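The values are calculated or read from the model by the stated rules, or taken from the named source; none is laboratory data. Everything numeric in this text was worked out from a predicted model, so none of it was measured. Note that each Cβ is placed from the backbone with ideal geometry, even for glycine, and that neighbours are counted across all protein chains shown. Surface areas here come from the heavy atoms of the whole protein model, side chains and all, with no ligands, DNA or RNA. Shrake-Rupley method; radii C 1.70, N 1.55, O 1.52, S 1.80 Å.
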Amino acid sequence: MPDNTKKKLTNKSSVNGWWIIFGVICAATFLTRFYKVLEPDHVCWDETHFGKMASWYINRTFFFDVHPPLGKMLIALSGKLSGYDGKYPFEKPGDKYNGTRYEGMRIFCTTLGALTVPLTFLSIWEMTQSMEATFIGTILLLCDVGYLTLNRYILLDPILLFFMSCAIYGAFKVRTLTDSGQPPYSTRMLSWQLFLGWSLACTMSVKFVGLFLVLFVGLRTLADLWNVLGDLTKPVTLTLKHLIGRIFTLILWPIALYVFFFWIHLTVLSKSGNGDGFYSSGFQARLEGNSLHNASAPRQLAYGALVTLKNHRTGGGYLHSHHHLYPAGVGARQQQVTPSDTQTKAVRYRCVLWRSRNYIAIEAGHLGGLMGRTPHKPVFLGAVVVRSGDLVRLTHAATGRNLHSHRERAPLSHKYLQVTGYGEDGIGDANDVWKILISGGKDGEEIQTVRSKLMFVHYLQTCVLTTTGKQLPKWGYEQQEVACNPNLRDKHALWNVEDNLFDDLPKVSFEAYASGFLERFIESHAVMFQGNSGLKPKEGEVTSQPWQWPINYRGQFFSGSGHRIYLLGNPVVWWTNLIFLGIFFFVYIINSIREKRAEAFGSPVKVYQCALGLVLSSTVYSFYLFSPLAYGMTGPLAHEPNSTMTGLKWLDSWEF
């Protein structure tokens, strides 16, 4: 038989073998992922969060979350298309679904989670062109029961992992095309680059952890461009063409998609919900059902008006006071001043009683018989407007006490001065006088509702009214601290007028103050970043240390009661990976030394095949042993008598 014919038959046989192995991997993946996928039929772990958020999307109710919106929108879309009506409360893990159409959301997440395994197969093949490496790497992932558990519930994890897998595959596919000399503007090259850019945008739009993948792809792209530039047989203009193409497909295209996803998010969530209070007045004015939506108030601020002052800090509260005093030993025993709790604001703001506790009366600030810049000429029906540079008193309407500061340390921020409520029926002393300034404005400029960013500088102590972000103890009802900062550049010392009650000035609709899309887009990110930075373990919550993660030290219950699901990585897979890492570095060093001495590093084929068979058989068998952790355990716990899981509790820290 001619050599060419033999070569063609060999190549055809190799291709057929590749497809057979890939088909087996796909079949095994979907079989293991969809087996008992609808069990248990109750809320498991974080399904309570993301199922609830899907309901809010379906009902178009605004909410706050620390993650970007795409993953939650996709869960909501899958639920809507599969008949879920958005009415199930998702209150706590263990609640029975009782006929709720949750199946579509769980199956959607499981499908994306399952697709990561064949994508991993394709990625490793693209990286190595080695069937042994591809098969071993994919089997290790396929047989990890922890990965299996993460793939099967209404969570962001399977969605995030799917888009990450797409991005990794796309990155190495682009590398292969670049190395093969594919023209930079060819249909094939541009198609894969657009796919990669789409994957990056989707990954970032599910969780911000996707930014690490963006960094990886960026470094991978630089390496590709460097290799092209280093090919002296090609003109420099070729590198420039590749660079321009990737700027459009891997930077501008993902950014456009990312912004588009947020546009959908902000358009769909058009109704007021429990997340309103984290956002600014202009943002809230866009939300149907919010007290600011379709409301009206005077555009200008006048003396004698009753107002609410909202701190411009991300998630900032409303200047608030109550009859309770600071305790003994905490500065002067005068009335407490705090920002009201924004997290429950959306519910309580509609309560007239609660709302009235935030009302502040704006009065002229008298100092030794003199006033600031007043009296001004009336602008309408005898109304006198407040202007930047005026001296004012801020009187808490419900208690009649003036906003006051003095040479006493703040309760928590001892470099700041204490802020209190002082006086009776608006009558106090010179420490009640504040100079009102528009940030970035000029003296004499009129104060405007919502739009003006205000600073209140204490006239005698020369400090600025601010919130520190620190939480007061129980005597302060765990609200945040209000203080007076001697540093007048405090970025959190900005306030705006929200409610503005004054009958002698014409009113304008809050629609005039409502934020546009770009403002809301930027503010959404500021709120998310602050929310992420403020995440901390809850009281009594079990936490783990970073060194415990790679060694599979502790798991997490996804479901308790009679049908127990326990998130724990397959120890054979995890610990084998750690061993492989050590072997890799050892072999790499030895091989490098032998290459320098023109010797090949190898091992007998019989030993290699035996090792390969041992790894594969151990991995598959360990999956069989530990699969009840993912599919559900019944009966006694592993440390109790007659438990079927007793022999598998290899570490005392495992709790199944």
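Considering the range 55-84, and only residues there that are within 15 Å of residue 275 (Cβ to Cβ) and of a type in the set (D, E, K, R), the residue that is modelled with the lowest pLDDT turns out to be 65. Entry remark, the range 429-440: residues being surrounded by fewer than 19 Cβ atoms within 10 Å (Cβ to Cβ), of a type outside the set (D, E, K, R) and assigned to a loop (DSSP other than H, G, I, E, B) number 2 in total. Assessment of the range 286-305 against the conditions (closer than 30 Å to residue 160 by Cβ, surrounded by 14 or more Cβ atoms within 10 Å (Cβ to Cβ) and in contact with a strand residue (DSSP E or B) (Cβ under 7 Å, 6 or more places away or on another chain)) yields at least one matching residue.
From the list 198, 263, which one is of a type in the set (A, V, I, L, M, F, W, C), surrounded by fewer than 14 Cβ atoms within 10 Å (Cβ to Cβ) and touching a residue at least 24 places away in the same chain (Cβ under 8 Å)?
Working: 198 fails: surrounded by fewer than 14 Cβ atoms within 10 Å (Cβ to Cβ).
Answer to the check: 263.
Could you check residue 113 against (1) surrounded by 23 or more Cβ atoms within 10 Å (Cβ to Cβ); (2) free of Cβ contacts under 8 Å to residues at least 40 places away in the same chain and say which number it fails? Exception for residue 113: condition (2).
For residue 414, the criteria (1) open to solvent by less than 20 Å² (accessible area, probe 1.4 Å); (2) over 28 Å from residue 508 (Cβ atoms) hold in every case but one, which is (1). Among the candidates 281, 272, the residue that is touching a residue at least 60 places away in the same chain (Cβ under 8 Å), under 26 Å from residue 58 (Cβ atoms) and open to solvent by less than 30 Å² (accessible area, probe 1.4 Å) is uniquely 272.
Within the range 46-100, restricting attention to residues that are within 17 Å of the chain's Cα centre (by Cα) and among the basic types (Lys, Arg), the residue that is surrounded by the fewest Cβ atoms within 10 Å (Cβ to Cβ) is 52. A single entry from 620, 615 fulfils the requirement of being open to solvent by 50 Å² or more (accessible area, probe 1.4 Å), of a type in the set (A, V, I, L, M, F, W, C), in a helix (DSSP H, G or I) and touching a helix residue (DSSP H, G or I) at 6+ places or on another chain (Cβ under 8 Å): 620. All conditions in (1) without any contact (Cβ under 8 Å) to a residue 12 or more places away in the chain; (2) at positive phi hold for residue 86, with the sole exception of (1).
The condition (being closer than 30 Å to residue 154 by Cβ, in contact with a helix residue (DSSP H, G or I) (Cβ under 7 Å, 6 or more places away or on another chain) and modelled with pLDDT under 95) is satisfied by just one residue among 211, 225: 211. Of all the residues in the range 624-656, those that are open to solvent by 30 Å² or more (accessible area, probe 1.4 Å) and either more than 13 Å from residue 568 (Cβ to Cβ) or assigned to a helix (DSSP H, G or I) (or both) number 15.
Give me the strands (runs of 3 or more DSSP E) completely within the range 441-522, filtered to those with at least 1 residues that are under 30 Å from residue 414 (Cβ atoms) and open to solvent by less than 10 Å² (accessible area, probe 1.4 Å), ordered by residue number. Give the derivation first.
On the way: elements: 454-458, 464-471, 480-485, 495-501, 507-509.
Hits in the range 441-522: 454-458, 464-471, 480-485, 495-501.
Is it fair to say residue 422 is open to solvent by 30 Å² or more (accessible area, probe 1.4 Å), of a type in the set (Ser, Thr, Tyr), in contact with a helix residue (DSSP H, G or I) (Cβ under 8 Å, 6 or more places away or on another chain) and at pLDDT 90 or above?
yes
Number of residues in the range 32-45 that are open to solvent by less than 60 Å² (accessible area, probe 1.4 Å) and farther than 11 Å from residue 100 by Cβ equals 5. Suppose we keep only residues that are among the charged types (D, E, K, R) and in contact with a helix residue (DSSP H, G or I) (Cβ under 6 Å, 6 or more places away or on another chain) within the range 164-200. Which one would you say is farthest from residue 224 (Cα to Cα)? The qualifying residue farthest from residue 224 (Cα to Cα) is 173. Condition check for residue 106 on (1) within 21 Å of residue 43 (Cβ to Cβ); (2) assigned to a helix (DSSP H, G or I); (3) open to solvent by 20 Å² or more (accessible area, probe 1.4 Å): one failure, at (3).
Those residues that are more than 25 Å from residue 160 (Cα to Cα) and either touching a residue at least 60 places away in the same chain (Cβ under 8 Å) or surrounded by 15 or more Cβ atoms within 10 Å (Cβ to Cβ) (or both), I need them from the range 212-234; list them, please. Spell out the reasoning first.
Applying the first criterion (more than 25 Å from residue 160 (Cα to Cα)) to the range 212-234 yields 223-234.
Passing the criteria: 224, 225, 228, 229.
Within the range 458-472, residues that are free of Cβ contacts under 8 Å to residues at least 12 places away in the same chain reach partners that are in a strand (DSSP E or B) and crowded, with 18+ Cβ neighbours inside 10 Å with beta carbons closer than 7 Å, at six or more positions or on different chains, in the pairs 471/480.
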